[in-house]
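Input: a single structure, listed below in structure tokens.
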Amino acid sequence: MGQFTQFAINGLMSGAIYALIAVGIVSVYKATKVVNFAHGYLIMFGAYFYFTFSVIVPGQSWAPDWLASWQPAWLLEMREGLPMFSPMGAVLDWVQNVPRILLGIAGALVCNAIVGRIIERTLMRPLMGQSIFAMIMVTVGLISIMSGAASIIWTADADFVPHIAPNAPIRFELFGTMIFLFGADLVNMIVALLIFAGIVLMVRYTKSGVAIRATAEDQSTAYSMGISVPKVFSRAWVLASTTGAIAGAILATRNGISPSLGLFGFSVLAIVLMGGLDSYIGVFLAAMAVGVMEALTQWRMGGDWAEIVPYVAVLLILLIRPHGLFGSKEVERI
Amino acid sequence: MLTIENIEVTYHHTVQALRGLSLEVPDGKIVTLLGTNGAGKTTTLKAASNLLALENGQIGEGRISFKGQSILSIQPDRLVQMGLFHVREGRRIFTEMSVEDNLVAASYALDARRAKPDYDKVYDFFPRLKERRKQIAGYLSGGEQQMLAFGRAMIARPELILMDEPSLGLAPKIVEEIFQTIRRLNSEDGVSILLVEQNAGVAFSVADYGYIMESGQIVMEGDVAKLKQDKDIQSFYLGVGGGEGAERQSFRDVKHYKRRKRWLS
């Protein structure tokens, strides 16, 4: 039981990241009916932008010193005499990094939003009115363009990027066992969940949400209601690329940076299919389920199996429910 | 209010749907456009609300102007905000959204005008929608869906409504109710209406002026009072037969002989 809780919690933490990635795929699908195969590569761009603004830029000679490592007097004072690896030390390490973390996140958000907008304006919008399939194939083509572009632009060796939150180890007791977590993982999970919840509430309860749902259901009628459909499209892409930027920054701190980060998008695509392409709730549950399954197989059967077992489960679920767990069939009047 | 001059529309660069169609909707009038299936009525409305691009249709020649302004380069959402609302064929309500959200969606039309949507007015017109406002719109009855489609139009406070077969698939009693609403919108709010119908009888009961179209062209037009008297229209659209004592006509004769003689020669 003890180990089980620990691994289940680890699973929930990676599940939350999956959910954060999935939210981008679902948002674009809901608004435009396009399954974005290149979403993983948007995330990779986000990760690289985070790396650029939190590591490369502060390391330049023209950048002020406080950007790379912020060391006000009170901080140095507090550091005096702290033992190595103490939780307080980890927090203080983080405080030093705060300026470049903030710059990194802001840079990643802005740059990724621009990338998302460019993709929508130059590749997707001209195809409006054509078959959806054409747009989907464009996203497939984007995969090669984006992974190629990344290896041309970012030739520098990938380095460690700063964690978004203090990475202090946390120990606490739950159900009679000691649980051990890293602070950064916990904060990542909370951030991912908050963003996810924010988007779901926005879609369900605000007027912009009405526009998104109306567009999702019937583009041309939404248009004839006065809803600017192209605007909804580009907002969906910007939403996907900005949530992708956060996800990319988080993944960069967890798994390091490389062009193969983009592949992550595909495993999340499987999760999205399992949850039902157009259901935030379904996708959330699927992401959590796959996260936990991965962690549990890793615990019971070893790391090699962890990549297989959850996706076999996805396949099985799709065999039984082709629309996914909560994917909608159309409402039919009886 | 709306002037269509000599437009030609092709779909996918190959199928010609309209060939030189012209019509006019004067301020505050109800104009009806009648025609058989495939005559191009819906295409005409889509051309006027600029929705053709979404279906790969192009307006080749001709002019369309709304309130004196050419609409050809104005996006559909902008047109709605200027006061042209298109109630589409088959109602096209958002079936997965609640009744209320359907109305909220229509309030986007008011954004540019900084006006507040008047939901109470819609609920006043259609008390049944008020009872059901939290329900998923897809589960409303056909008549209620048509009311919702009208309600959306009312929220947008248009000056011109393009209405595509509001009687489609509805029971006669509901049709009567719907047409009363059309009359009310016109007389109380002064909304001009372009009404596309297959049911000429009800269309003539509200309209001031009528156009008859066939294969993408207008073949006849006139005041409704005059059109009602026309023999061909009586037999083709109003279902008035030869009357007492007259010999029964074969439908084939009517179709092939009379129509060719009057309209296509």
Task: Single condition A:V35 does not satisfy, out of (1) part of a helix (DSSP H, G or I); (2) within 29 Å of A:I212 (Cβ to Cβ); (3) in contact with a Ser or Thr (Cβ under 8 Å, 6 or more places away or on another chain); (4) not basic (K, R) - done: (1)
Task: Options A:V200, A:V191; residue that is touching a Phe, Trp or Tyr at 6+ places or on another chain (Cβ under 7 Å) and more than 10 Å from every other protein chain (Cβ to nearest Cβ) - done: A:V200
Task: Only listed residue being over 21 Å from A:A222 (Cα atoms), part of a loop (DSSP other than H, G, I, E, B) and of a type in the set (G, A, S), chosen from B:G169, B:G90 - done: B:G169
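Could we say that B:L45 is within 12 Å of another protein chain (Cβ to nearest Cβ) and either modelled with pLDDT of 90 or more or buried (at least 16 other Cβ atoms within 10 Å of the Cβ) (or both) here?
For B:L45, the condition - within 12 Å of another protein chain (Cβ to nearest Cβ) and either modelled with pLDDT of 90 or more or buried (at least 16 other Cβ atoms within 10 Å of the Cβ) (or both) - is met.
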Open item on the list: Looking at (1) at pLDDT below 90; (2) among the hydroxyl-bearing types (S, T, Y); (3) in contact with a helix residue (DSSP H, G or I) (Cβ under 8 Å, 6 or more places away or on another chain), which one does B:S141 not meet, given that it meets all the others?
Closed with: (3)
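Based on what the data block shows, is B:S107 in contact (Cβ under 8 Å) with a residue 40 or more places away in the chain and either assigned to a loop (DSSP other than H, G, I, E, B) or surrounded by fewer than 23 Cβ atoms within 10 Å (Cβ to Cβ) (or both)?
yes
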- [ ] Go through segment A:107-155 residue by residue and tally those that are surrounded by 14 or more Cβ atoms within 10 Å (Cβ to Cβ) and touching a residue at least 12 places away in the same chain (Cβ under 8 Å).
- [x] 26
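Okay, residues lined up against (1) within 13 Å of another protein chain (Cβ to nearest Cβ); (2) loosely packed, with under 15 Cβ neighbours inside 10 Å:
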{"position": "B:A112", "(1), (2)": "yes, yes"}
{"position": "B:K116", "(1), (2)": "yes, yes"}
{"position": "B:V122", "(1), (2)": "no, no"}
{"position": "B:P127", "(1), (2)": "no, yes"}
{"position": "B:R133", "(1), (2)": "no, no"}
{"position": "B:I136", "(1), (2)": "yes, no"}
{"position": "B:S141", "(1), (2)": "yes, yes"}
{"position": "B:E144", "(1), (2)": "yes, no"}
{"position": "B:A156", "(1), (2)": "yes, no"}
Task: Pairs where the first residue, in segment A:205-217, is at the interface with chain B (Cβ under 7 Å from one of its Cβ atoms) and under 14 Å from B:N102 (Cβ atoms) and the second is outside any helix (DSSP H, G or I) and of a type in the set (F, W, Y), C-beta under 6 Å, 6+ apart - done: A:A214/B:F94; A:E217/B:F94
Task: Residue identified as assigned to a helix (DSSP H, G or I) and of a type outside the set (A, V, I, L, M, F, W, C) among A:G116, A:G129 - done: A:G116
- [ ] Evaluate segment A:272-289: report whether one residue or more is out of contact with any Pro (no Cβ under 6 Å at 6 or more places or on another chain), touching a residue at least 40 places away in the same chain (Cβ under 8 Å) and within 26 Å of A:G148 (Cα to Cα).
- [x] yes
Task: Filter result for B:T3 (among the hydroxyl-bearing types (S, T, Y), part of a strand (DSSP E or B), touching an Asp or Glu at 6+ places or on another chain (Cβ under 7 Å) and surrounded by fewer than 21 Cβ atoms within 10 Å (Cβ to Cβ)) - done: yes
TODO: Give just the number: which of (1) loosely packed, with under 15 Cβ neighbours inside 10 Å; (2) within 12 Å of chain A (Cβ to nearest Cβ); (3) in contact (Cβ under 8 Å) with a residue 60 or more places away in the chain does B:Q58 not satisfy?
DONE: (3)
TODO: Would you be able to say whether some residue in segment A:114-126 is among the acidic types (D, E) and at pLDDT 90 or above?
DONE: yes
TODO: Could you please find all residues in segment B:6-37 being surrounded by fewer than 14 Cβ atoms within 10 Å (Cβ to Cβ) and free of Cβ contacts under 8 Å to residues at least 40 places away in the same chain?
DONE: B:T14, B:V15
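A quick yes/no check of all residues on (1) modelled with pLDDT of 90 or more; (2) more than 10 Å from every other protein chain (Cβ to nearest Cβ):
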residue: B:R63; (1), (2): no, yes
residue: B:G68; (1), (2): no, yes
residue: B:S73; (1), (2): no, yes
residue: B:F85; (1), (2): yes, no
residue: B:R88; (1), (2): no, no
residue: B:T95; (1), (2): no, no
residue: B:V99; (1), (2): yes, yes
residue: B:V104; (1), (2): yes, no
residue: B:A109; (1), (2): no, no
Open item on the list: Being among the small types (G, A, S) and surrounded by fewer than 22 Cβ atoms within 10 Å (Cβ to Cβ): is that true of B:G151 here?
Closed with: no
Task: Residues that are in contact with a strand residue (DSSP E or B) (Cβ under 8 Å, 6 or more places away or on another chain) and among the β-branched types (V, I, T), drawn from segment B:81-98 - done: B:V87, B:T95
Open item on the list: Can you pull out every residue in segment B:48-71 that is outside any strand (DSSP E or B), over 24 Å from B:R152 (Cα atoms) and in contact with a strand residue (DSSP E or B) (Cβ under 8 Å, 6 or more places away or on another chain)?
Closed with: B:N56, B:G60, B:E61, B:G62
TODO: Give the residue, chosen from B:R133, B:R157, that is under 28 Å from B:D77 (Cα atoms) and more than 20 Å from the chain's Cα centre (by Cα).
DONE: B:R133
Task: Criterion: at pLDDT below 55 and assigned to a helix (DSSP H, G or I) - qualifying residue of B:V175, B:V254, B:V202 - done: B:V254
Open item on the list: For segment B:52-63, check the following and say yes or no: at least one residue is within 16 Å of the chain's Cα centre (by Cα) and closer than 21 Å to B:L160 by Cα.
Closed with: yes
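The values are calculated or read from the model by the stated rules, or taken from the named source; none is laboratory data. Given the structure is predicted, the values throughout are model-derived calculations rather than measurements. Methodologically, a virtual Cβ is constructed for each residue, glycine included, from the backbone with ideal geometry; neighbour enumeration extends over all protein chains shown.
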